[in-house]
Amino acid sequence: MRKTFKYRLYPNEAQQELLRVQLSEACRLYNAALQERRDAYKSHGKSLNYYDQANQLKEIRASGNLQLANYHCCQDVLKRVHKAFAAFFRGIKRKQRAGYPRFKSHRRYDSITFPSHGDGNKLLEKHLRVQGVGDIKIKLHRPVSGKIKTVSVKREGNHWYACFSCAVSAQPLPENTNQIGIDVGLESFATLSTGEIVDNPGHFAQAEKRLRRTQRRVSRRKKYSKRWRKTVQFVQNVHRDIRNQRRDFQHKLSREIVDRNQFIAVEDLNVIGLAGGMLAKSVADVGWSSFLNMLAYKAESAGRQLVRVDPRGTSQRCPCGKPARKLANRQHVCTCGLQTTRDHASSLGILTFGLSLQPLTAVQ
């Protein structure tokens, strides 16, 4: 398995400037590679690939026209261009709404990746050695496990982070007989088939007042001025705090569920479609997609079984299979004798449906 370990970096002013120069050079290479592909197709009808452009790197670096310190970092930038075009053509082939790759501003190009650990980059006891920058102070709040494959330096607002992508082996947990179904919602974050209700923390709703104030400060500044850019940083900081709170909550909850249960059944939700309706803000705030992804990779690592079931009808029928009342009725009463809340009945139905798919899922 591949896991990413993220740590906070504390570069000094000189190191921050060197990192910004590296990001700016990577952005310049990205835009140049994109421009070359566009011009080649426009003038000659030829589509360039990654290898056509990577073969030019040695000559470009020898001429002194590129100040990126690491050669593999230059290759990674060209791979990003290749991935952008591959995603564009894949969307066209699927008849989806696909956006043509666009040029990037140096202010929005926020990460560089070194595909090899040790080629001018080394993790020391309390520092990370970055080629072309030096030894940057790092806070290792937990040990890095596995073999480091890539190292990425990332900028988030006025914070810097190091992301280590590592190849790790699965760590199965002791097996048990616990089974659980999970019904996610907006009023409550999740209702478990055990009857437990997980409240919706509403991180965005709690920070909305603070966010509104910082956005008003931005609107009073002259656009692109120094004071405007400084105030935009405050807005980015608010969004970063919301994101960190949401991820912390979801990580802890998903870890608790995976540790306790051997079999987990969830709904295979179309979150993108749900986020396009009138409840878009609430759906985006609750973060179902990221939570289900966390459950999936944690379950795989722990040797648990996670099954995604078809969400159609899970709220409109009893676990016994009989149709339920309208969605407006939040209490579930069935002729089979089950009396509970509708969300709890849905979680029981999800578990029942998931167990019925278990042999098929094991074969797949």
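So, in the stretch 1-28, how many residues would count as being open to solvent by less than 30 Å² (accessible area, probe 1.4 Å) and small (Gly, Ala, Ser)?
Matching residues across the stretch 1-28 total 1.
For the stretch 106-115, check the following and say yes or no: at least one residue is without any contact (Cβ under 8 Å) to a residue 12 or more places away in the chain and touching a His at 6+ places or on another chain (Cβ under 8 Å).
Looking through the stretch 106-115, none of the residues is without any contact (Cβ under 8 Å) to a residue 12 or more places away in the chain and touching a His at 6+ places or on another chain (Cβ under 8 Å).
Inspect the stretch 59-74 for any residue being modelled with pLDDT of 95 or more, within 30 Å of ASP135 (Cβ to Cβ) and among the β-branched types (Val, Ile, Thr) and give the result as yes or no.
No, the stretch 59-74 contains no residue that is modelled with pLDDT of 95 or more, within 30 Å of ASP135 (Cβ to Cβ) and among the β-branched types (Val, Ile, Thr).
Please enumerate the residues belonging to the stretch 263-284 that are in contact with a Leu (Cβ under 9 Å, 6 or more places away or on another chain) and open to solvent by less than 50 Å² (accessible area, probe 1.4 Å).
Residues satisfying the conditions are PHE263, ILE264, ALA265, VAL266, GLU267, LEU269, VAL271, ALA280, VAL283.
Which of the residues spanning the stretch 93-145 are surrounded by fewer than 16 Cβ atoms within 10 Å (Cβ to Cβ) and over 27 Å from ASN12 (Cβ atoms)?
Residues satisfying the conditions are LYS93, ARG94, LYS95, GLN96, ARG97, ALA98, GLY99, TYR100, ARG102, PHE103, SER145.
Checking ILE148 against (1) among the hydrophobic types (A, V, I, L, M, F, W, C); (2) within 29 Å of TRP288 (Cα to Cα); (3) surrounded by 15 or more Cβ atoms within 10 Å (Cβ to Cβ), only one condition comes out false. Which one?
With (1) among the hydrophobic types (A, V, I, L, M, F, W, C); (2) within 29 Å of TRP288 (Cα to Cα); (3) surrounded by 15 or more Cβ atoms within 10 Å (Cβ to Cβ) applied to ILE148, the lone miss is (2).
Look at SER165 and say whether it is surrounded by 17 or more Cβ atoms within 10 Å (Cβ to Cβ), over 30 Å from PRO311 (Cα atoms) and within 19 Å of the chain's Cα centre (by Cα).
Yes.
Does the stretch 96-103 include one or more residues that are in a loop (DSSP other than H, G, I, E, B), of a type in the set (D, E, K, R), at pLDDT 95 or above and within 30 Å of ILE272 (Cβ to Cβ)?
Within the stretch 96-103 (the criterion being in a loop (DSSP other than H, G, I, E, B), of a type in the set (D, E, K, R), at pLDDT 95 or above and within 30 Å of ILE272 (Cβ to Cβ)), the answer is yes, since at least one residue qualifies.
Can you report the number of residues in the stretch 80-96 which are more than 16 Å from ARG38 (Cα to Cα) and either of a type in the set (S, T, N, Q) or in contact with a helix residue (DSSP H, G or I) (Cβ under 7 Å, 6 or more places away or on another chain) (or both)?
1
Only one of (1) touching a strand residue (DSSP E or B) at 6+ places or on another chain (Cβ under 7 Å); (2) open to solvent by 50 Å² or more (accessible area, probe 1.4 Å) fails for PHE189. Which number is that?
(2)
Would you point out the residue of the stretch 214-228, among those that are in a helix (DSSP H, G or I) and open to solvent by less than 80 Å² (accessible area, probe 1.4 Å), that is farthest from HIS203 (Cα to Cα)?
Among them, the one singled out is TRP228.
For the stretch 172-191, give me each residue that is under 19 Å from SER346 (Cβ atoms), in a loop (DSSP other than H, G, I, E, B) and touching an Asp or Glu at 6+ places or on another chain (Cβ under 7 Å).
Hit for the stretch 172-191 is GLY185, nothing else.
Which pairs have Cβ atoms under 9 Å, sit 6 or more apart or on different chains, and link a residue in the stretch 44-60 that is in a loop (DSSP other than H, G, I, E, B) to one that is open to solvent by 100 Å² or more (accessible area, probe 1.4 Å)?
Final answer for the pair search is SER47/TYR41; LEU48/TYR41.
Could you grab me the full set of residues in the stretch 213-234 that are over 26 Å from the mean Cα position of the chain (by Cα) and aliphatic (A, V, I, L, M)?
Within the stretch 213-234, VAL218 is the sole residue that qualifies.
The values are calculated or read from the model by the stated rules, or taken from the named source; none is laboratory data. This one's a predicted model, so the numbers in the text were calculated from it and none came from an experiment. For neighbour counting, all protein chains shown are included, and Cβ atoms are generated from backbone atoms with ideal geometry for every residue, glycine included. Each accessible area value is taken on the protein alone, full model and side chains, heavy atoms only, with ligands, DNA and RNA left out. Shrake-Rupley method; radii C 1.70, N 1.55, O 1.52, S 1.80 Å.
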